[in-house]
Every structure is written in C-alpha cells, then in structure tokens.
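To start, the structure itself, in structure tokens.
The values are calculated or read from the model by the stated rules, or taken from the named source; none is laboratory data. This one's a predicted model, so the numbers in the text were calculated from it and none came from an experiment. In this analysis, Cβ positions are derived from the backbone assuming ideal geometry, glycine residues included, and neighbour counts consider all displayed protein chains. Calculation scope for accessible area: heavy atoms of the full protein, side chains included, ligands and nucleic acids excluded. Shrake-Rupley method; radii C 1.70, N 1.55, O 1.52, S 1.80 Å.
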Amino acid sequence: MPPDTDILHGNEDELTHVIIYDVFTPPVASRIYAYTNLASYEAMKFADPKYNSITAQLRGFGKMPEPEKGKNYNYTLAATKAFFTVAHKVTFSVDTLKRYEDKVYGMYKDALDDSTYARSMLLGENIGKAVLKRASVDDYPQTRGKPKYLGSNAPGKWRPTPPDYMDGVEFCWGDMHPLVIDSSSIFMPPPPPAYSDDTTSAFYRQAKQVYDKNKHLTPEEKTIATYWDDNPFVVVHNGHMMFADKKITPGGHWIGITTIACKQSHADAVKTAQAYALTSIALFETFITCWEVKYKYASERPVSVINEKWDHNWLPLLQTPPFPEYTAGHSTISAASATVLTHVFGDNFAFHDTSDMKYIGLQRDFKSFIQASDETAMSRFYGGIHYLNSSLVGAKQGHQVGELIWQKLKLTK
C-alpha cells in the first residue's frame, strides 16, 4: 500500500484534474475544494485524538458521524470515501472520479479484512453525506437559475470585455453563506477611485499607469504575469479559429502549493488533511468577500477605459476575466491562503513551486508563502487586467480574512 499521505495527495490531484476538465469558475472551484477537503479531514482526524473537528466550529454544519468505539477502521480509506462522496455531488465528470476511486478502493479491499473495509467505507460515506447537507443550503443551488449579468454602459461601470464579451461570472457569490466569517462584507475596503475624465484624478492616473506599464514590461514581469494567470478558460483566437485553453484555477494553484508544503515538511496524514481543509476554507471565504466587493462597486476593467480613451486596439498581456475589476480576486485569495499556510508551516518557508508545471510548463522559487502571494498581487497589474490599487487593497483584505480564520479555529485539543 502507498503511504497514507500519498493517497490524500492523489485524491487532491484527481479532483483538480476534474475541476479543470469541467471548467468550473474560480469561485465555484473554491466551493468544491472546501466541502471535499472538510469531509476528508473530518474522517482523517480520528487517526489522531489530539485534533479537533473543524466543521463543529463552522456555520451551518450538523454533528459529524463518529466511529464505533472498540472497532477497527482505516481512516485514510474513510477520508477518501468522504472526499469522493462529496466530489460526486459537486462536479460533473463522476465517471472519471470513479475510475480513479476503484483503483484506490481495490488496494484497500485487498489489504483489509472485510469488516474493517466496510466499516471504514460506511463512516466515510456518512461523513460525506453530512457535509453535503450543509452544501445544499449554502445558497449555491438556490442561485443556479439567476439571470445573466451584463453590467452597465454608465461611465466607470463594468461591462463585458474583449475579445469575447462574456457576461459577468457569479454575480450572486457575495450572497453565499460563509463558513467562518460573520458576513461577506467583513473587512470591506474603501470604494475605488471615482470615475473622472480629469487627467489629474486617481481614476485617470491608475488607468494610464496600467497602459504605460504594459507597453514596457520586462521579461521577468511578463513571466510573473503568465505564471500567476491561472485563468481556467482562456479563449484563444487564431485567425478564424477559436479554441479554449484550460488551466488550473487560482484556488487550484494554492491547493498545489499546499501539496508541496505538506510533502516538503513531511506532514503526516492528519496534518495533511488539515492543511488542505484550512487552505480551502481560506479560498471559499475570500472569494465570497471579494465577490461582494466586485459587484457592489462594479468597476470597469482597464481594457474598457484604455480602449475608450487612448488606444482602441489595445489588449492586455493576459485575457481579462469576465467580472468586475475592484478588487483583484487572485490577490485576495492568495493573501488569505498564504496567511493560513504561514501559520501551519511557519514563516520563511522556502519552496519550489511546480503547481503549474504540467499546465503551462513554468515553475518558480519562493522564500515564503507571503512572497508568493505578494508576487501574485503584482502579476495582475503586470498582466494589465487590474489596477495596482485593486491588487494591493485585495491583498490586504485577504490577509485580514486569513488571519481571522486562523484565530477563530481551535485545531487541536
């Protein structure tokens, strides 16, 4: 049998592949990671009595099923079953998951006695079902029939952007029921610079700053922008031909960094499951807070301003995602993830990031999680899809949310 941690990492990798294949938007991907990883942890924690339940400290969860006293269990198998019980209900490509699961379950079937195997599978399934009860009332299913969000042509307001002019993604996400924070408006940042045609105004100057920077990017700045792009669905135009380039989501990138940190620190199976759960909570909570800000202010993207004022043909280095500009989502979720991971694994945790290697062929070295998240914030400015102010303000909110999550949760007895 492979080590327990290898099973948990394999489960995570398989889910990430399916999220990419199914083309889930970044907010929806964060929800998938949150519920699957909470289910996995709630089963895995029984392997070490010093770990507390996380769901017992979150909003909206009922009491989790527990193992029978005096009976044998394999908690890695239970965690795997819990993980995929949830994954089946929150993804589309279930057949792909089942093929992977059959291989994993087959190994345990051969290694365990029948009663331990069946008991572990049942515990995992019941935990997964308990987590899904919470997912059924978090406002996601309730908003699937929402109308399209097409923005406004009012000055300074978001509207669909070139080259594909897609409608706004998940404009109700700020209404999702959070897990830890009190509300989606927690740590609400100040409003963005007000629209103005005055060449000395903050609004005008921030747009001009993006335009000027994108005309003079260094090779390193281009690499940084490309590395952290993490746009899950980029439509590539080549003459009359169009095709979609699928990549990892921003949240998936930080899940990958969590994998690297767990392996590098030789974290055991329970700490590994906990690290995945905490990173996923940070992602879920900050997508809610960021999307609340985005659609509250509905700020237009740099490409809309620049096309109107200076250059009708200009396009940013990165393809502009289809949702309002302020604040920068990747900056927000990266800062929260980095804050949580710093608490779990320590400050100045140097690592070699290969999370994107199989998707875009790039890898980078970082001296700490915070350095990586700071680079992420700058990448959105270099890529021409965010104003610098939006990236920095988003990062501040992300740090605040990440710190709050860490302070609120009691993880060990």
Report task. Answer yes or no as to whether ASP182 is at positive phi, assigned to a loop (DSSP other than H, G, I, E, B) and out of contact with any Ser or Thr (no Cβ under 9 Å at 6 or more places or on another chain). Result -> no
(request) Answer yes or no as to whether ILE333 is in contact (Cβ under 8 Å) with a residue 40 or more places away in the chain and in a loop (DSSP other than H, G, I, E, B). (result) no
Checklist entry - Does at least one position in the stretch 82-104 carry a residue that is open to solvent by 10 Å² or more (accessible area, probe 1.4 Å), among the hydroxyl-bearing types (Ser, Thr, Tyr), over 26 Å from the mean Cα position of the chain (by Cα) and at pLDDT 95 or above? => result no
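What are the residues in the stretch 22-60 that are part of a helix (DSSP H, G or I), of a type in the set (Phe, Trp, Tyr) and either touching a strand residue (DSSP E or B) at 6+ places or on another chain (Cβ under 8 Å) or surrounded by fewer than 21 Cβ atoms within 10 Å (Cβ to Cβ) (or both), if any? I'd like the intermediate steps shown before the answer.
Residues of the stretch 22-60 part of a helix (DSSP H, G or I): 22, 26-47, 55-57.
Filter once more, keeping what is of a type in the set (Phe, Trp, Tyr): 33, 35, 41, 46.
Listed by number, the list holds a single entry, PHE46.
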Within the bounds of the stretch 64-77, is there any residue that is more than 27 Å from LEU404 (Cα to Cα) and open to solvent by less than 20 Å² (accessible area, probe 1.4 Å)?
yes
Conditions (1) closer than 24 Å to THR5 by Cα; (2) open to solvent by less than 10 Å² (accessible area, probe 1.4 Å) -> THR259 fails only (2)
Across the stretch 349-365, the tally of residues that are among the hydrophobic types (A, V, I, L, M, F, W, C), in contact (Cβ under 8 Å) with a residue 24 or more places away in the chain and part of a helix (DSSP H, G or I) stands at 1
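Do we have LEU132 as open to solvent by less than 30 Å² (accessible area, probe 1.4 Å), under 20 Å from VAL28 (Cβ atoms), touching a residue at least 60 places away in the same chain (Cβ under 8 Å) and under 23 Å from the mean Cα position of the chain (by Cα) here? Walk me through it before giving the result.
Details: open to solvent by less than 30 Å² (accessible area, probe 1.4 Å): no; under 20 Å from VAL28 (Cβ atoms): yes; touching a residue at least 60 places away in the same chain (Cβ under 8 Å): yes; under 23 Å from the mean Cα position of the chain (by Cα): yes.
Considered against the rule, which asks whether it is open to solvent by less than 30 Å² (accessible area, probe 1.4 Å), under 20 Å from VAL28 (Cβ atoms), touching a residue at least 60 places away in the same chain (Cβ under 8 Å) and under 23 Å from the mean Cα position of the chain (by Cα), LEU132 comes out as no.
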Note on the stretch 176-195: residues open to solvent by 30 Å² or more (accessible area, probe 1.4 Å) and hydroxyl-bearing (Ser, Thr, Tyr) are SER183, SER185, TYR195
Checked THR376, THR354 against criteria (open to solvent by 30 Å² or more (accessible area, probe 1.4 Å) and hydroxyl-bearing (Ser, Thr, Tyr)); the one match is THR354
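Report whether or not LYS271 is touching a Ser or Thr at 6+ places or on another chain (Cβ under 9 Å), over 19 Å from VAL28 (Cα atoms) and among the charged types (D, E, K, R).
Numbers: touching a Ser or Thr at 6+ places or on another chain (Cβ under 9 Å): yes; over 19 Å from VAL28 (Cα atoms): yes; among the charged types (D, E, K, R): yes.
In short, yes.
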